[in-house]
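Scroll down for the structure; my scribbles are underneath it.
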Amino acid sequence: MKKLQTKGIILSRTDFSEADRILTFLTPDYGKVHVIAKGVRKIKSKMAGGIELLSVSDIGFIRGRGELSTLTSTRLIKHYDVIVKDLVRTMAAYEFIKQIHKLTEDEVDEDYFLLLEQTFEALNETGISLALVQSWFAMQILRLGGRSPNLLSDASGNKLNANIVYDFDFDSMTFTEIGLGQFNANHIKFLRLGFEGRPPEKLQRIEGINQLIDEIAPLTQTMLKTYIQI
């Protein structure tokens, strides 16, 4: 049988039998791959080093007749050791993994693998705030789910005006002049950059980013809870 090769990030793992482990990988080429790693819990296993959590690995596997394939080779590409040393960032990483695992079917496309990989990269940089990564992740999940807000025109169809402070209507996912007015041009600019998929390391350079995140985070999280069932 043909051996398949790809990159993978572990979404879940379960001990099986005395020395085996069942793993679910998120891959860019084959979506979710469910494999059995035979003998991987043995001390001398050659594959154990390539199936670390919070890592990207090169994996080889052979398709099985059912849902479960057989893992044949592993090679660690990158282990995000800074995340592992920080309990708060570790827990955040596990939550991101959990959300992607829950949201995606087996035939998920490459974008979700790239999102998780990029999220790990950002979490691994202590100079990037966790709050920024969380808001950015929420925006990417919304974007990939086809739930991006209208960042060009308001609820009346008028072009957004830099001199107006807007409120936000979650039903139409648009800014509106009706309400208390919480979001100005800086908030909208930040959201545009985030929903365009600009990486967190670039967003971190925005002047006043920490205050912007504090003010925007409730908005992005409410969008996520409203439209994405996690």
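What follows is calculated from the coordinates using simple rules that are stated; it is not laboratory data. Note that the coordinates shown come from a computational prediction; the quantities given were computed from them, not determined experimentally. Virtual Cβ from ideal backbone geometry, glycine too; neighbours counted across all protein chains shown.
Taking the centroid of alpha carbons for each part, region 10-44 and region 105-142 are 23 Å apart. Only helices enter this figure: runs of n ≥ 4 DSSP H residues, each worth -39500 (n - 2.57), summed and divided by the residues of the chain, yield -11500 deg cm²/dmol at 222 nm to the nearest 500. Derived value for region 82-227: Kirkwood hydrodynamic radius 16.0 Å. Basis is the mean of 1/r over every pair of different alpha-carbon atoms. First select every other residue whose beta carbon is under 12 angstrom from the beta carbon of VAL82; then total the charges, Lys and Arg +1, Asp and Glu -1. After counting each charged neighbour, the total is -1. Per the Debye formula on identical point scatterers at the alpha carbon atoms of region 50-154, with no solvent, log10 I(q)/I(0) at q = 0.12, 0.20, 0.22 Å⁻¹ is -0.50, -1.13, -1.26. Pairs from the table (LYS42/LYS78; LYS2/LYS98; LYS98/LYS225; LYS3/LYS32; LYS3/LYS46; LYS3/LYS98) lying more than 25 angstrom apart at Cα are LYS2/LYS98; LYS3/LYS98.
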